[in-house]
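The values are calculated or read from the model by the stated rules, or taken from the named source; none is laboratory data. A quick note: this is a predicted structure, and the numbers were derived from the prediction, not measured. Don't worry about glycine lacking a Cβ; one is built from the backbone with ideal geometry, like all the others, and counts go over all protein chains shown. These area figures cover heavy atoms from the full protein model, side chains too; ligands, DNA and RNA do not enter into them. Shrake-Rupley method; radii C 1.70, N 1.55, O 1.52, S 1.80 Å.
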Amino acid sequence: MSLTITPLSPALGAQISGIDLSHPISHETRDAIEHALLTHQVLFFRDQPINPRQQAEFAARFGDLHIHPIYPNVPETPQVLVLDTAVTDVRDNAVWHTDVTFLPTPALGAVLSAKQLPAYGGDTLWASGIAAFEALSAPLQQLLDGLTATHDFTKSFPLERFGNTPEDLARWKATRRNNPPLSHPVVRTHPVSGRKSLFVNEGFTTRINELSETESEAILKLLFAHATRPEFTIRWRWQESDVAFWDNRVTQHFAVDDYRPQRRVMHRATILGDAPF
C-alpha cells in the first residue's frame, strides 16, 4: 500500500490515507505508520469499518494490549474496551487526560474507532506535551525537569460514580488495591525520539511530590492551563468508522461531552508502554 500522510496542524496531527485497516499490514507499512506517529503524535484514518478483532490485531502490531480494569469490553475481544454513553458514565473523558497514567508502565498509545456518533458534537481534542514543554521558558523547564508527580486512578474514577452496585464496588476496590498512587516524572523523555514532554494531566495527576502543597497546586494549575493552549492542540470532528491512533506518551486528549441525550459509542484498544523516565 502507498500511504499518503497529510499534516493537519503545526503542533500535532496528520491524516493517513491509502490503507485498509481491516486487512493485516506489512512490516513496511507498520514501520511507516510508527514513523508518522513519532512525527505527528496523533494519526487519523477516515472510512475504516473495522471490527473489534481487526482493531485489536492492528493495535497489537505496536505492542501488548491492556485490558481496562473499570470499563466494559467486547466479550469476545476483551482487549477492546467500550465507551458507550448509554451504558457507562464516561464523564472522566471530558477532562484533559493521558490514558492510564495510574499504571507503572502507562500506555504507549491507543487506537480509537468510532462506532455510533451523535448527529453533531462529540469531537475529541488532542494536545502535544512536546509543544507545551518546548514553549516554556528555560528557567521553568529547568525547574520541572527532575521533579516527580503522583498519579492516582481514583481522581478520574471516584467511588461515588463507579461503585454504585455490588459488582461495580468490588471491581473498584480491586482496581484501587492493584493500582495504588504512584509517581512519574513531570517531564518525560520519549523513549524513541528522545524529545521531552510535559507528563502531568488533570485526569490523574494529584500533586508534585517535591513541592509544598500550595506550590504544587499553583504549578499544576499553571501547567494544566499551559499544556492545553489552542496552539498546542488539534480538534477532530468524527465521522462514523473513523480511526484515531495517538502516542499516549507525549499527548493528552479531551472528549467533548456536548451531545446528550444523543448516544456516542467508541471502541478503544490500548497499547502498553514502558516506565516513564
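Looking at the stretch 106-155, which of its residues are in a helix (DSSP H, G or I) and open to solvent by 30 Å² or more (accessible area, probe 1.4 Å)?
Within the stretch 106-155, E134, A138, P139, L140, Q141, Q142, L143, T154, K155 meet the criteria.
Taking interchain pairs and intrachain pairs at least six residues apart, which have beta carbon atoms under 7 angstrom, with the first residue in the stretch 202-221 and over 13 Å from V186 (Cα atoms) and the second in a helix (DSSP H, G or I) and basic (K, R)?
Filtered contacts from the stretch 202-221: G203/K155.
Every residue in the stretch 250-277 that is β-branched (V, I, T), part of a strand (DSSP E or B) and surrounded by fewer than 21 Cβ atoms within 10 Å (Cβ to Cβ), please.
V265, the sole residue that qualifies.
When you go through (1) within 22 Å of S156 (Cβ to Cβ); (2) assigned to a loop (DSSP other than H, G, I, E, B) one by one for E240, which number turns out not to apply?
(1)
For the stretch 174-188, give me each residue that is in contact (Cβ under 8 Å) with a residue 24 or more places away in the chain, of a type in the set (D, E, K, R) and open to solvent by 70 Å² or more (accessible area, probe 1.4 Å).
Scanning the stretch 174-188 gives no hits.
Taking into account only those residues within the stretch 201-221 that are open to solvent by 80 Å² or more (accessible area, probe 1.4 Å) and out of contact with any strand residue (DSSP E or B) (no Cβ under 9 Å at 6 or more places or on another chain), which is nearest to D89 (Cα to Cα)?
The residue in question is K221.
Based on what the data block shows, is R237 in contact (Cβ under 8 Å) with a residue 40 or more places away in the chain, touching an Asp or Glu at 6+ places or on another chain (Cβ under 6 Å) and open to solvent by 80 Å² or more (accessible area, probe 1.4 Å)?
For R237, the condition - in contact (Cβ under 8 Å) with a residue 40 or more places away in the chain, touching an Asp or Glu at 6+ places or on another chain (Cβ under 6 Å) and open to solvent by 80 Å² or more (accessible area, probe 1.4 Å) - is met.
Could you pull out the residue among R161, R171 that is basic (K, R), in contact with an Asp or Glu (Cβ under 8 Å, 6 or more places away or on another chain), open to solvent by 50 Å² or more (accessible area, probe 1.4 Å) and assigned to a helix (DSSP H, G or I)?
Exactly one of R161, R171 is basic (K, R), in contact with an Asp or Glu (Cβ under 8 Å, 6 or more places away or on another chain), open to solvent by 50 Å² or more (accessible area, probe 1.4 Å) and assigned to a helix (DSSP H, G or I), namely R161.
For the stretch 22-32, which positions are open to solvent by 30 Å² or more (accessible area, probe 1.4 Å) and among the aliphatic types (A, V, I, L, M)?
A32
When residues of the stretch 79-88 are filtered for being open to solvent by 40 Å² or more (accessible area, probe 1.4 Å) and either outside any loop (DSSP other than H, G, I, E, B) or small (G, A, S) (or both), how many remain?
2
Considering (1) aliphatic (A, V, I, L, M); (2) surrounded by 15 or more Cβ atoms within 10 Å (Cβ to Cβ); (3) at pLDDT 95 or above, say which one V95 fails and leave the rest.
(3)
Of all the residues that make up the stretch 151-202, how many are hydrophobic (A, V, I, L, M, F, W, C) and farther than 20 Å from A227 by Cα?
10
Restricting to the stretch 33-64, name every residue that is aliphatic (A, V, I, L, M) and open to solvent by less than 40 Å² (accessible area, probe 1.4 Å).
Within the stretch 33-64, I33, A36, L37, V42, L43, I50, A56, A59 meet the criteria.
Looking at this structure, is T101 among the hydroxyl-bearing types (S, T, Y) and surrounded by fewer than 18 Cβ atoms within 10 Å (Cβ to Cβ)?
no
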